[in-house]
Amino acid sequence: MELYHSVMVALLCVDLAFLAVTRLRSLTRLTAVQGALLALVPVLSAPAGDSGHMALLSLAVLAIKGVGFPWLLARTLTRLEVNPVVEPYLGFNLSLLAGVSGLLFSLWLETRLPFPPGLFPPLLFPTALTTIFTGLTLVIARRKALTQVIGYLAAENGIFLLGTPLSVQGSVWLELSVLLDVFVAVFVMGIAIHHINKTFESIDVGRFCTLRD
């Protein structure tokens, strides 16, 4: 249980770090850290008789959220050759204040909502809600499209975390989460294609045949 609480606290620290860092590469690394931490949650919160299913879920989360998406984001960042500095609409201090406010609101809301007994382990609900708030803040308060993709991914991670207790009831939540992940992948590739099209005026590879010395 101590390890579980440590993971929840670490996820909250990652959420606040998302709003404070000023480099895109740091954001992609934080995405990998968040994905690795999320992969521990299903195993740590698994019932005694369902550890095998949760172990497979953790491996899938680690592969998709801890390795796959951070690699895709880093690859896209390298190929686009954009300014590595995060450009905010809302200043970093105000963004961090918004994150802390979201955390306090989540802790307060947990005491007000009538959850069924034992539905959410300690700290899971405020951590999930804070992660969603953090992702939405990145989407709204940052200029670069890639940063907004990272924000969407963080918000989706919060939704996944919120649904972890429900995953023991069946695979529907996992399937919906994978669907959201696929949407993120398409979103990232759409950004890359948009920038290629903007730079070269076309994404039709057949036009290479018209090139001349």
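Does P121 satisfy being within 23 Å of L3 (Cα to Cα) and outside any helix (DSSP H, G or I)? The answer is yes for P121.
Of the set (1) at pLDDT 85 or above; (2) outside any helix (DSSP H, G or I), all apply to A46 but (1).
Based on this model, can you work out whether A154 counts as surrounded by fewer than 19 Cβ atoms within 10 Å (Cβ to Cβ) and among the small types (G, A, S)? So A154 fails the test. T137 falls short of the stated requirement of being at pLDDT 90 or above and in a helix (DSSP H, G or I).
Of the residues in the stretch 59-73, none is open to solvent by less than 10 Å² (accessible area, probe 1.4 Å), at pLDDT below 80 and part of a helix (DSSP H, G or I).
Taking the stretch 111-133 as the range and being open to solvent by less than 60 Å² (accessible area, probe 1.4 Å) and farther than 30 Å from K144 by Cβ as the test, the residues that pass are L119, F120, P121, L123, L124, F125.
Which members of the stretch 74-110 meet the condition of being outside any helix (DSSP H, G or I) and open to solvent by 30 Å² or more (accessible area, probe 1.4 Å)? The answer is E81, V82, N83, P84, V85, E87, P88, Y89, L90, G91. Applying the condition of being of a type in the set (G, A, S) and within 14 Å of the chain's Cα centre (by Cα) to the stretch 11-37 and asking which residue is modelled with the lowest pLDDT yields S26.
The values are calculated or read from the model by the stated rules, or taken from the named source; none is laboratory data. All figures in this text were calculated on a predicted structure; none of them were measured in a lab. In this analysis, Cβ positions are derived from the backbone assuming ideal geometry, glycine residues included, and neighbour counts consider all displayed protein chains. All accessible areas refer to the heavy atoms of the entire protein, side chains included, with ligands and DNA or RNA removed. Shrake-Rupley method; radii C 1.70, N 1.55, O 1.52, S 1.80 Å.
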